[in-house]
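The structure under discussion appears below in the form of structure tokens.
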Amino acid sequence: MLALLEVKDLHVEIDGKAILKGLNLTIKKGEVHAIMGPNGSGKSTLSNVLMGHPSYTITQGTILFEGEDITTLAVNERAKKGMFLAFQYPTAIPGVTVANFVRTALKAILGDEKQAVKTFRKLLKEKMALLKMDIKFATRYVNDGFSGGEKKRLEILQMAVLNPKLSILDETDSGLDIDALRIVSEGINTIAANSDEKGVLLITHYQRMLDYVKPNFIHVLQDGVITKSGGPELALELEQTGYLAAETATA
Ligand code: ADP
Ligand code: MG
């Protein structure tokens, strides 16, 4: 089967400093992969680079999406192809409402196709209900004064509306209390994780989200390379032994 995402020997620098040092990763349709790793190991760098963030320099390697080389493609082109990134630290946009923001993103992805206001409202309402969000949320300014949990829910709301083929979720579980974690995880499962056509890359520090969104594969990222890969059992192992064990296991 054609891989959804194929990362080959990826080397990335920022401000002349090497962050990713030869990373390989293949995600097939229907798979959920989790990347775990200590602070500063390059998790956010990987998610940003996959989405085409211009601050990072790829010095070596390729990124294929559905078999096509997208290594140098712009962010919006990647989004149009069906890639989505939920940020670890979403930014506030005072003056722009959630509804307008999400609608603009959808229009950009659909191209010139007109999205009737009524159809969009219905879609937005439906997805907000799925994520148990108050409808009042739609008229608030993007991330302006949002709690950590609200910011994460807005990321998942965008994902729900945009309906991407590959969802990259960078620490979506951070800042969520246990109820919000359950709701957000159920949302991820409904929208992305249980589809034969889609793939998910979950980036997380903690095992707890993996109780709700079950990965098929877990990878440990350390100092810019994947040092260990395995099945779901690896998360529990890491929880007990920490990341150091993964390091020595492959050393
Ligand atoms: P993680 O998400 O795993 O915690 P990051 O990808 O955010 O790790 O960061 C990896 C490394 O890259 C860290 O050492 C961090 O300090 C460095 N880094 C990230 N962004 C920048 C930047 N803009 N300039 C310089 N170094 C950076
Ligand atoms: Mg990070």
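The values are calculated or read from the model by the stated rules, or taken from the named source; none is laboratory data. The shown structure was predicted, so the numbers you read here are calculated from the model rather than taken from an experiment. When we count neighbours, we look across all protein chains shown, and the Cβ atoms used for this are built from the backbone with ideal geometry, even at glycine. Areas reflect the complete protein model, heavy atoms only, side chains present, ligands, DNA and RNA absent. Shrake-Rupley method; radii C 1.70, N 1.55, O 1.52, S 1.80 Å.
Some observations on this one:
- Unmet requirement for residue 173, which otherwise passes all of (1) in a helix (DSSP H, G or I); (2) more than 22 Å from residue 108 (Cβ to Cβ): (1)
- Among (1) within 30 Å of residue 117 (Cα to Cα); (2) surrounded by fewer than 18 Cβ atoms within 10 Å (Cβ to Cβ), the one test that residue 167 misses: (2)
- Which listed residue is among the aromatic types (Phe, Trp, Tyr) and within 16 Å of ligand 2 (Cβ to nearest atom), from 206, 141: 206
- Test: residue in region 54-75 that is out of contact with any helix residue (DSSP H, G or I) (no Cβ under 7 Å at 6 or more places or on another chain), buried (at least 16 other Cβ atoms within 10 Å of the Cβ), in a strand (DSSP E or B) and free of Cβ contacts under 8 Å to residues at least 60 places away in the same chain: yes
- Flag if residue 182 is among the charged types (D, E, K, R), more than 17 Å from residue 82 (Cβ to Cβ), open to solvent by 70 Å² or more (accessible area, probe 1.4 Å) and in a helix (DSSP H, G or I): yes
- Selected residue (criterion: farthest from residue 50 (Cα to Cα)) from residues of region 164-184 that are in contact (Cβ under 8 Å) with a residue 60 or more places away in the chain and within 16 Å of ligand 1 (Cβ to nearest atom): 174
Table: residues versus (1) more than 12 Å from ligand 1 (Cβ to nearest atom); (2) without any contact (Cβ under 8 Å) to a residue 24 or more places away in the chain.
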{"position": "4", "(1), (2)": "yes, no"}
{"position": "12", "(1), (2)": "no, no"}
{"position": "17", "(1), (2)": "no, yes"}
{"position": "21", "(1), (2)": "no, no"}
{"position": "29", "(1), (2)": "yes, no"}
{"position": "33", "(1), (2)": "yes, no"}
{"position": "41", "(1), (2)": "no, no"}
{"position": "52", "(1), (2)": "yes, no"}
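- Just one of the listed residues (187, 145, 199, 231) is of a type in the set (Gly, Ala, Ser), away from ligand 1 (no atom under 16 Å from the Cβ) and touching a helix residue (DSSP H, G or I) at 6+ places or on another chain (Cβ under 6 Å), namely 187.
- Within region 210-240, the set of residues being among the aliphatic types (A, V, I, L, M), within 20 Å of residue 45 (Cβ to Cβ) and either open to solvent by less than 10 Å² (accessible area, probe 1.4 Å) or in contact with a His (Cβ under 6 Å, 6 or more places away or on another chain) (or both) comprises 218, 220, 221, 226.
- Which listed residue is modelled with pLDDT under 95 and more than 12 Å from residue 200 (Cα to Cα), from 39, 24: 39
- When residues in region 76-111 are screened for being basic (Lys, Arg) and either within 17 Å of the chain's Cα centre (by Cα) or part of a loop (DSSP other than H, G, I, E, B) (or both), 3 of them pass.
- Whether a residue is under 27 Å from residue 213 (Cα atoms), among the small types (Gly, Ala, Ser) and open to solvent by 40 Å² or more (accessible area, probe 1.4 Å) was assessed, and residue 82 does not pass this test.
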